[in-house]
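Down below is the structure, laid out as structure tokens.
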Amino acid sequence: MRLRLFPARETIDRACLSLFLATMCLVVYRRVWYDRYDIYKCDALLANGRWLDDKYQNWQPPGCMVHNYKVHDLGSCLEHRRLVFLGDSSVRQLYWATARKFGIEEHSKAEHSDLAFHIDDATTVEFRWDPFLNSSNLTMELTAAARSRQGTKVAHSTAALVIGGGLWHARYLDEANYFDHYKGSLESISQSLDHLGPKNAGGPLHRYSFGPLDTHGIVLLTPVPVPFYKGLSLERATTITPAKIDNLNRYLYQNSAAGNITVPWSFSSMISLDGSSYQPDGIHFTDNLASRMVDVILNLRCNVELRIAKGQRGYPMDKTCCNRYNPPRWPQSIIMGVFVWLLPFVILMASTESSRIPFLPSWKITRAITVLALAISYCYYADRTPLFNKTQKQYTDKEFMSLCAVVMIVGVVSIRRSVTGSHNGSSPQPAIGKTDQYALSRQQTEEWKGWMQFIILIYHYTGASKTLWIYEIIRLLVASYIFLSGFGHTVYFYIKADYSLRRCAAVLIRLNLLSCALPYMMNTDYFFYYFAPLISFWFMVTYATMAIGHSRNKFFNFLVVKVLLSAGLVNLVIVRGPFFELLFYFLEKTCKTSWNLFEWRFRVQLDGYVTFTGMLCGILFVHMTDNSYSETPESKKVLRLLREFRWVGAMYAVVAFMLSWWLAYEASSKNAYNRWFPYFSTFPILGFVILRNFSRHLRNFNSSIFAWMGRQSLETFTLQYHVWLAADTKGLLALGIFERMTGNDDISRKANFVVLTIVFLWISWHVAAATQTLTTWIVDPRDGRDNSGGNESADGDLRLSQLPRNGSNDNMRDEQSHERNVANRASAGAMRSASRVKKLVAGDLRVRIGLLLAVMWILNIIDYQSGNVAI
């Protein structure tokens, strides 16, 4: 039966649902109406944009992400082909910016000559000097581009031709001839471009519109560069005037809108007229600006090439300008087609006609499955289709600190006195007061997880990973999660002594249900959502450590020595030995997985000792709070020391924080910090535990907002990849509506943040409840529908008294009744067989786990055979 929400929760839930529906309506409207002529954001890349920073490194076109091309990407795109630049010195600067991407520095002092460098025998980047755009080289290159329009990788074909000029027309031709000469050059180019093949029909705003598959052998004509007039020499300033440059660009715009010329007008938007984007001569741009201009060209030309080269498993999908998303694969189609459309109908049946469908799960289970399926489908539509805009991150100290301050204020305002004194529901409340809390009580650990999760989310949203001091803090927060995992599971195993398969399965399914389902929909892999695998691994280590010889766990010394031996064994044999290599090789051969061993080993080694620290703290906690474990002399001695030297603990905390700060300060890079991190991470964590529980007042109060977030921390960590961030965490989702409504980029960015954050937290809230419900149902199917009533008995057999009888006294029965009885007997037999299967599955947890693993194995094999890398 459905549990009724409290009025406040129900009101919040309905408000968030309304906001979510409004958000979906807005993005669908924007996608269908505003983006109908520019589905793939090719025009957006060419037309406009803005700088997110003041160093000309982070260029943001409207609604898509520009990829910063490196040498390995360019090799895949330009393989066996030519990238040609033709024109004056402004185009030559683009040539040298491309050369720097290949590690080639500018070396030629010849100003008015052709240049080239070779990547391999058939791949070259070339520059043709032609400032007046009237040489035979231009005709030859236009003809070569025409032959490349077929889109095949022919050796020495032209991948792209970039043409630019105009400055020499203004500089060296008089007032009567400069415009006519430039006009004639453009007309000649336009006539040649007519032979390159038809383009897609453009929209009313940009008649040069084309799709990402039309970029083979593209020809771009750059705008006439607007110089920094105040920086020009006197000789140049006399002839290169604003009137001339404006006339040339005005004619280029008219010709490009009416003809067949593609112009990256975003180059003009990149220029800052205050002079900061220019070199001292006032003509040429800074190297950073030239490099970003080249990135616009390469994103236009290469994004589709790289997506095709990577195949279906091409994540992260961070090249969203002028690119096509991969079409849905069969697992995605099944999930969206069956779960999204069929399950709501099943829910309706479960709530209205449940008695007629004995094998249907309960309304609660069906609803949980639907919530999870809808959330996963929303991940796909948000991050694997052009429904939402994708924008780039830009870190600023102000934004990071402001968001942290807001979160801390909200957390402080929501501080309340804790209601119960039980620890994680696993031990009775001590007789020290009605509301007194243990150290690391459930409310306290949830609060701890909550504020850490808020900071981690802000860290990811703002793109603060390149800031060393913030990265160092985040590493401590992740280690704190693992500490709490080791602590909590140790306390449970120590007190409950429950080492059953049921307990182990419940924890692992709860941790991994979402992160195992997402790879099939998002075409990623299991280790991509690294937090669940990491916590699962350390849970298994904790489980094995506590389970081995558990009959002697009541002896304090034995248990402590066992934990220390486990720490040595895990870090020397498993983490640093060949264990993972053999395991990954076995899984790759049998299950067709493909996991990043280097990344996994790196993450496990970083937290190699903090789990065992949490386990030791858990053991001490039990001995301090339960008299049945505190009767041995050694235990009493330890407890007396801990209780009598509270101020010594506070001093330790201060020293631990100072030591951590010093090591972080001395670290010159992430690698240097990571080398020391496994050995000192436990000290500040223990220091925080001591200070957080220094007095009864500190223990007995907690923040309800942080505790709420702590209960959803697993879901928020996983779902943020696709429904709050974008491009597999590389960018940010955006609605694309507020920009048009406000015309202010800063306001629209804040509006996007507020709306999408509320939607993200609301989805995480419901998914957390759904995964908890499904975990309970998988571990114990009796939580689903009770099938003992109706036509089925408690043992799964049909009640024969309810079937039509077939005895000698029924001679008066007609032929129609006889046929109906035969059909009923056949139906009864089928239901008996189904009941036996259901009884077997529902009665044995091992069978259910085996079925889940078998389904995943089959999906992996089919996915692998279809050319994709499986989970």
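The values are calculated or read from the model by the stated rules, or taken from the named source; none is laboratory data. Fair warning: this is a prediction, and the values are worked out from it, not measured in the lab. With ideal geometry, Cβ positions are generated from the backbone for all residues, glycine too; neighbour counts draw on all protein chains shown.
Name the residue that is surrounded by the fewest Cβ atoms within 10 Å (Cβ to Cβ), counting only residues in region 279-299 that are polar (S, T, N, Q) and within 25 Å of Ala145 (Cβ to Cβ).
Ser291
Kindly provide the set of residues from region 434-471 that are within 21 Å of the chain's Cα centre (by Cα) and of a type outside the set (A, V, I, L, M, F, W, C), ordered by number.
Residues satisfying the conditions are Lys449, Gly450, Gln453, Tyr459, His460, Tyr461, Thr462, Gly463, Ser465, Lys466, Thr467, Tyr471.
Do any residues in region 556-584 that are closer than 25 Å to Phe621 by Cα have Cβ atoms under 7 Å from those of residues that are loosely packed, with under 15 Cβ neighbours inside 10 Å and modelled with pLDDT under 90, where the two are at least six apart or on different chains, and which pairs are they?
Listed pairs, sorted by first residue: Phe556/Thr632; Phe556/Glu634; Asn557/Glu634.
If I filter region 699-714 for residues that are over 25 Å from the mean Cα position of the chain (by Cα), over 25 Å from Thr370 (Cα atoms) and part of a helix (DSSP H, G or I), do I get at least one hit?
Among the residues of region 699-714, at least one is over 25 Å from the mean Cα position of the chain (by Cα), over 25 Å from Thr370 (Cα atoms) and part of a helix (DSSP H, G or I), which makes the answer yes.
Among the residues of region 435-445, what is the count of those that are under 13 Å from Arg692 (Cβ atoms) and either touching a Lys or Arg at 6+ places or on another chain (Cβ under 8 Å) or among the hydrophobic types (A, V, I, L, M, F, W, C) (or both)?
Counting residues in region 435-445 that are under 13 Å from Arg692 (Cβ atoms) and either touching a Lys or Arg at 6+ places or on another chain (Cβ under 8 Å) or among the hydrophobic types (A, V, I, L, M, F, W, C) (or both) gives 6.
Determine whether Ser276 is surrounded by fewer than 16 Cβ atoms within 10 Å (Cβ to Cβ), of a type in the set (S, T, N, Q) and at pLDDT 85 or above.
Values: surrounded by fewer than 16 Cβ atoms within 10 Å (Cβ to Cβ): yes; of a type in the set (S, T, N, Q): yes; at pLDDT 85 or above: yes.
Criteria met by Ser276.
Which of the residues that make up region 738-748 are surrounded by fewer than 20 Cβ atoms within 10 Å (Cβ to Cβ) and either touching a residue at least 40 places away in the same chain (Cβ under 8 Å) or in contact with a Cys (Cβ under 9 Å, 6 or more places away or on another chain) (or both)?
Residues satisfying the conditions are Arg740, Asp745.
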